[in-house]
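A short reminder: the numbers here are calculations on the coordinates, not readings from a lab. Only a predicted model underlies this, so the values are computations on that prediction, with no experimental measurement involved. Cβ sites come from the backbone with ideal geometry, for glycine too, and all protein chains shown count toward neighbours.
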Amino acid sequence: MEKIFLFIGLKNSVRFMLCRRRRIAYDHKEQPMTLFSKTSVVVVAGLAAYALSLPANALLVTYDDLVTGATPTSGTPWLTANITDLSGNSGVSMKLDVGVDAPEFLTSVFFSLGKSATLSGVTDPATTPDIDLANCSGKAPANTGPWQLCLAFSPNLQVSSPASITLSLLGLHVSDFVTNASGWLSVAHIQGVQPNCSAWVGDYRGGSVAPSADSTCTTSAPEPTTLSLLGAGLVGLFGARLRRRRQAVTA
């Protein structure tokens, strides 16, 4: 519909210019300029082609509102998600442009979907760096949920600017991405802030949970490899202590 309005507006503008030119030519007892008319037709045709080349449905999600945690020191937007419908309405193409600079990095992105959204056809996308479909498990930072679609990077990847990731999600449409009851369209988790804090940021469209006005440090969650090493170390210490006790008893 927007394309139609754009085309009509361009057509009417050129028609006005043609009429005005003809009136001037009549007042001066001259013939209208044929070159002007041909040029106008070319301009209309070119602008119409440009209008038709624009995506039929597109949604730009801009992450420049703080949900909770420490405000990232990188400039806004900290992330953008450009979502467009694929040809044949088979799904959507999503382009994530990461705006945070190292040592800050992106770990996950949550999206709110409408009731008509179908997730049965959505499969884990193959991307570089690798991004996985994660189970939302009812996670809702600062009560901003609920969330239906979650994408996650491994913290080990430390994805930061100028990373740009494009993926396809089959079975979804741009119209499926909606603002939830809390007023948020999407939120994202950023770690490495200040440098041991983290932040939840998002795209706020107006609702019950407004963006945070205060920046407070939220300790970053330990990475999976860190937890594994910590667990292995505790097991090792426990085993060593147990061996000492047994040796003391036998002695």
**Message:** On the Cα set of segment 100-208, report Rg and Dmax in Å, please.
**Reply:** 14.1, 41
**Prompt:** So if we plug the beta-carbon distance of SER208 and LEU170 into 1/(1 + (r/R0)^6) with R0 = 25 Å, what FRET efficiency do we get, rounded to 0.05?
**Reply:** 0.15
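For ASP214, ASP203, ASP132, which order do you get if you count the other beta carbons within 10 Å of each Cβ and list the fewest first? Each step should come with its number before you reach the end.
Values: ASP214 8, ASP203 24, ASP132 14.
Listing ASP214, ASP203, ASP132 from fewest to most nearby Cβ atoms yields ASP214, ASP132, ASP203.
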**Message:** Could you check the spin-label model distance between SER116 and LEU86? Points 7 Å from the Cα along Cα→Cβ, value in nm.
**Reply:** 2.0
